[in-house]
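The values are calculated or read from the model by the stated rules, or taken from the named source; none is laboratory data. Source: prediction; values computed, not measured. Reconstructed Cβ throughout: ideal geometry from the backbone, glycine too, with neighbour counts over all protein chains shown.
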Amino acid sequence: MSYVLALDQGTTSSRAMVFDADGRVRSVARRDFPQHFPRPGWVEHDPADILRSQLECARAALADAGLRAGQLAAVGIANQRETTVLWERASGRAVAPAIVWQDRRTAADCERLRSQGWSAALRERTGLELDPYFSATKLAWLLDHVPGARERAEAGELAFGTVDSWLLWHLSGGQLHLTDRGNASRTLLLDVHAREWDADLLARFRIPAAVLPRLVDSLGVCGETAPEVLGAAVPIAGIAGDQQAATFGQACFAPGMAKNTYGTGCFLLMNTGEAPVASHNRLLSTVGWTGGGRHAYALEGSVFMAGAVVQWLRDSLGLIRNANDIEALAASVEDSAGVVFVPAFTGLGAPHWDARARGTLLGLTRGAGPGHIARAALEAIALQTVDLVAAMRRDGAQSLTELRVDGGAAANDLLMQLQADLLGVPVLRPRMLETTALGAAWLAGLGVGLWRDTDALATQWRLDRRFEPSWSDDRRAAVIARWARAVERAKDWAEEE
Ligand SMILES: Nc1ncnc2c1ncn2[C@@H]1O[C@H](COP(=O)(O)OP(=O)(O)O)[C@@H](O)[C@H]1O
Ligand SMILES: O=P(O)(O)OC[C@H](O)CO
């Protein structure tokens with residue numbers, strides 16, 4: 001009974017991993033599932049695809065590890081956050097496609113609420129921005145647009161949840177309607193200070209309390225899987241949004257510790273300890289995790305285009321054949337020769353939140369070539385992270401002494417070196433890059449007492465490579481100043497969002 005199954009339900013794929021008591025990976029399974037873009041700005045998933053792909057992975061990971069469910073000490077869940085599902089309690093069937101976190105259909109609703117002068121109070125209460133990214137306006141949209149949904153929700157017939165709740169419902173055979181406070185802190189419906197649902201927010205967004213899941217801790221047993229799902233009843237003992245799980249899996253247990261995940265976008269989270277930090281620089285203040293009578297908050301900055309810039313150079317410009325090739329191309333030149341690339345393809349996220357910003361390539365001369373553009377693209381990924389760290393510093397968060405990194409693009413040594421050079425602090429890459437699944441496993445294992453405490457887990461975190469900053473302060477300041485000028489030129493460009 002010393003194995004933990006971690007489910008990592010992401011935006012484009014579901015994954016499952018089995019870990020042993022030393023935190024070593026015993027098996028991995030992964031399934032991609034379809035993305036739906038029914039209209040410009042809309043992004044949907046079929047909740048049945050999410051569930052099917054996740055259960056297939058769970059069973060495959062168990063089989064690959066040569067284990068039966070009865071040999072598991074616990075199951076942990078990490079999930080894509082904010083994505084909104086509404087389902088029928090009686091049948092367990094979703095009443096509409098899930099509205100994905102990237103979906104912008106409620107931009108006008110947010111604009112309207114903003115014009116009522118409500119953003120500042122909302123930010124104070126929830127730690128978030130009034131933006132379509134979060135769940136509340138997505139849920140209100142479903143209640144308003146699915147025929148009969150509002151009446152049925154008020155009558156208690158429908159259940160709302162983020163993806164953790166959707167999975168928990170089905171893993172438990174319809175017994176559990178729960179979410180952890182970290183996931184709940186991404187809905188705009190949670191009072192981030194009290195860590196409870198907030199009646200005023202529910203009224204403002206016109207959400208009936210009867211649809212909400214019950215709040216539970218991120219670690220600790222909250223129920224068990226129905227025996228028919230995995231073949232035996234297994235305690236469910238860890239729940240966290242994927243970025244929170246990755247922060248935990250990076251062992252960022254002390255205030256001031258931070259991780260950055262370089263995937264499609266970048267998500268930088270810093271542990272801020274037992275109290276939320278009120279951002280004055282448009283970062284998000286969010287619940288990290290709760291459990292065992294303790295809790296941690298985080299300050300978060302998200303950028304929309306990171307590894308996606310590399311995809312664009314590959315698929316749209318054909319500058320490279322594989323994502324890995326960008327490293328050699330960028331290393332073929334000494335520097336970007338003044339070329340600056342602002343990848344605001346879908347606007348700018350934190351700390352700018354400019355939906356009208358657009359991608360910009362500046363400083364081109366006759367000498368500029370593919371190598372300079374590739375290098376400018378990598379610099380752009382690192383410089384967006386520099387903007388987040390600078391905003392955290394202005395917010396009075398503890399100053400960053402090192403940055404732990406993960407995600408697909410963290411494999412790029414040149415990018416990691418540029419990140420250390422541009423931040424002026426060491427960048428630490430662990431051996432284990434699947435930190436999201438590891439975080440879910442650690443939460444669940446702690447929840448059933450497989451591990452004693454976070455100190456025991458911190459010793460499982462192993463360094464692969466440490467990148468030391470090598471630039472002078474003057475060189476760093478000059479590149480950052482040039483980037484800031486370029487960002488100003490990219491802002492407020494599109495006529496409409
Ligand atoms: N060597 C590399 N250098 C830079 N970017 C890379 C490299 N390898 C992969 N990527 C980028 O990383 C992203 C994939 O990372 P992953 O963590 O799987 O993302 P996600 O979970 O968001 O799908 C892609 O956008 C890809 O372009
Ligand atoms: O599924 P990922 O890894 O792209 O993460 C999505 C985030 O949770 C969105 O907030």
Which residues, counting only those in segment 405-414, are within 16 Å of ligand 2 (Cβ to nearest atom) and outside any helix (DSSP H, G or I)? V405, D406, G407
Please verify whether A65 is touching a residue at least 12 places away in the same chain (Cβ under 8 Å), of a type in the set (A, V, I, L, M, F, W, C) and within 18 Å of A237 (Cα to Cα), treating the condition exactly as stated. no
Among (1) touching a Lys or Arg at 6+ places or on another chain (Cβ under 9 Å); (2) basic (K, R); (3) over 26 Å from L7 (Cβ atoms), where does R152 come up short? (1)
Residues in segment 5-23 that are surrounded by fewer than 24 Cβ atoms within 10 Å (Cβ to Cβ), under 20 Å from the mean Cα position of the chain (by Cα) and under 24 Å from G231 (Cβ atoms): how many? 2
Qualifying position, being under 21 Å from the mean Cα position of the chain (by Cα), in a strand (DSSP E or B) and either surrounded by fewer than 18 Cβ atoms within 10 Å (Cβ to Cβ) or away from ligand 2 (no atom under 16 Å from the Cβ) (or both), among T272, T261: T272
Of (1) on the phi > 0 side of the Ramachandran plot; (2) over 20 Å from the mean Cα position of the chain (by Cα), G41 satisfies all except one. Which? (2)
Can you tell me which residue is farthest from ligand 1 (Cβ to nearest atom) among those in segment 294-323 that are in a loop (DSSP other than H, G, I, E, B) and closer than 18 Å to T261 by Cβ? F304
Can you tell which of Q417, Q384 is under 16 Å from L329 (Cβ atoms), at pLDDT 95 or above and out of contact with any Leu (no Cβ under 6 Å at 6 or more places or on another chain)? Q417
May I ask you to list the residues in segment 1-42 that are modelled with pLDDT of 95 or more, polar (S, T, N, Q) and within 13 Å of ligand 2 (Cβ to nearest atom)? Q9, S14
For A382, are the conditions met, namely being in contact with a helix residue (DSSP H, G or I) (Cβ under 7 Å, 6 or more places away or on another chain) and within 16 Å of ligand 2 (Cβ to nearest atom)? no
Find the strands (runs of 3 or more DSSP E) located wholly in segment 184-250 whose residues include 3 or more that are touching a helix residue (DSSP H, G or I) at 6+ places or on another chain (Cβ under 9 Å) and away from ligand 2 (no atom under 16 Å from the Cβ), and list them. 219-224, 235-241
Being surrounded by 14 or more Cβ atoms within 10 Å (Cβ to Cβ) and in contact with a helix residue (DSSP H, G or I) (Cβ under 7 Å, 6 or more places away or on another chain) is the filter here, so list the residues in segment 32-54 that pass it. F33, P47, I50, L51, Q54
For segment 470-484, state whether one or more residues are within 16 Å of ligand 1 (Cβ to nearest atom) and surrounded by fewer than 20 Cβ atoms within 10 Å (Cβ to Cβ). no
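Listed here are the residues, each with its yes/no results for (1) surrounded by 24 or more Cβ atoms within 10 Å (Cβ to Cβ); (2) of a type outside the set (D, E, K, R); (3) at pLDDT below 95.
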| site | (1), (2), (3) |
| --- | --- |
| L190 | yes, yes, no |
| H193 | no, yes, no |
| A209 | no, yes, no |
| R214 | no, no, no |
| L230 | no, yes, no |
| G241 | yes, yes, no |
| F248 | yes, yes, no |
| T286 | yes, yes, no |
| Y297 | yes, yes, no |
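Quick grid of which residues meet (1) modelled with pLDDT under 95; (2) surrounded by fewer than 24 Cβ atoms within 10 Å (Cβ to Cβ); (3) not charged (D, E, K, R):
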residue: A108; (1), (2), (3): yes, yes, yes
residue: G117; (1), (2), (3): yes, yes, yes
residue: L122; (1), (2), (3): yes, yes, yes
residue: L139; (1), (2), (3): no, no, yes
residue: V146; (1), (2), (3): no, yes, yes
residue: F160; (1), (2), (3): no, no, yes
residue: H177; (1), (2), (3): no, yes, yes
residue: E196; (1), (2), (3): no, yes, no
Looking at segment 400-422, I want the residues that are touching a residue at least 12 places away in the same chain (Cβ under 8 Å) and among the charged types (D, E, K, R) and have a partner that is in a loop (DSSP other than H, G, I, E, B) and away from ligand 2 (no atom under 16 Å from the Cβ) with Cβ atoms under 7 Å, at least 6 apart or on another chain. Which pairs are those? E402/V425; E402/P426; R404/C252; D421/P469; D421/S470; D421/W471
